[in-house]
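The values are calculated or read from the model by the stated rules, or taken from the named source; none is laboratory data. Remember, it's a predicted structure, so these values are computed and weren't measured experimentally. Backbone-built Cβ (ideal geometry, glycine too); neighbour counts: all protein chains shown.
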Amino acid sequence: TVALNHQKLSDVLRAQEEGCRTQMPLSQIRLHQDAISRLPGQADLAGVMAGIDAMQGEDKWLLKAKDSLRYGSPITAHIVYRLLQLGQSLILADSFRLELGLSVQCAKLGEFQEGVRALLIDKDLQPKWQYPDVSTVPQAVIDELFRSPWRAGQHPLQDLGKLEN
């Protein structure tokens, strides 16, 4: 029967899950949580970046993360900062809708393409970002990225998370 097959499959998946949990390494964020937690509270992205940049240590992961933040797209830093603020209050379906719209807007902006060019096509590792640092990115640019590209009622994921009777 369908119910019995469902139960058998669920049992097999649960057994496999337990084995994966014991083999899964700790995340780098979790390993560095103490250092991250010591960052002073900052009111804006520039302050957060300054705090991260001031973190001391020779840890390879931390140094790579700092370099990625320093040399990555200032627009992307704003996107991540806003997503961290918004994500705490969104249900999963709303997160998917937001991220799909954000992906479309980012593709239209061209910053992603510039990163691909610098890293994979020309391999010059010299991206020409639209703005030199986070303090020069206009808030209107970030607001536009978070504006849905679809009219009300037209989002392709509008029914995601809705239960049918």
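Provide a single number: the residues in region 1-27 that are among the β-branched types (Val, Ile, Thr) and at pLDDT below 80. Quick ask: steps written out before the conclusion?
We begin by selecting, within region 1-27, every residue among the β-branched types (Val, Ile, Thr); these are 1-2, 12, 22.
Right, trim to at pLDDT below 80 and you get 22.
So the answer is 1.
The residue pairs whose first member lies in region 91-104 and is part of a helix (DSSP H, G or I), whose second member is among the polar types (S, T, N, Q) and surrounded by fewer than 15 Cβ atoms within 10 Å (Cβ to Cβ), and whose beta carbons are closer than 8 Å, counting only pairs six or more residues apart or on different chains, are Arg97/Gln158. The single condition from (1) more than 27 Å from Arg151 (Cβ to Cβ); (2) in a helix (DSSP H, G or I); (3) without any contact (Cβ under 8 Å) to a residue 60 or more places away in the chain; (4) in contact with a helix residue (DSSP H, G or I) (Cβ under 8 Å, 6 or more places away or on another chain) that Gln42 fails is (2). Restricting region 145-165 to residues that are modelled with pLDDT of 95 or more and either under 18 Å from Gln113 (Cα atoms) or among the small types (Gly, Ala, Ser) (or both) leaves a set whose member that is farthest from the chain's Cα centre (by Cα) is Ser148.
Residues that are assigned to a helix (DSSP H, G or I) and hydroxyl-bearing (Ser, Thr, Tyr) were ranked within region 1-38; the one that is surrounded by the most Cβ atoms within 10 Å (Cβ to Cβ) is Ser10. Read through the list (1) assigned to a loop (DSSP other than H, G, I, E, B); (2) at pLDDT 95 or above, then give the number of the only condition that Leu120 fails. Among (1) assigned to a loop (DSSP other than H, G, I, E, B); (2) at pLDDT 95 or above, Leu120 violates only (1).
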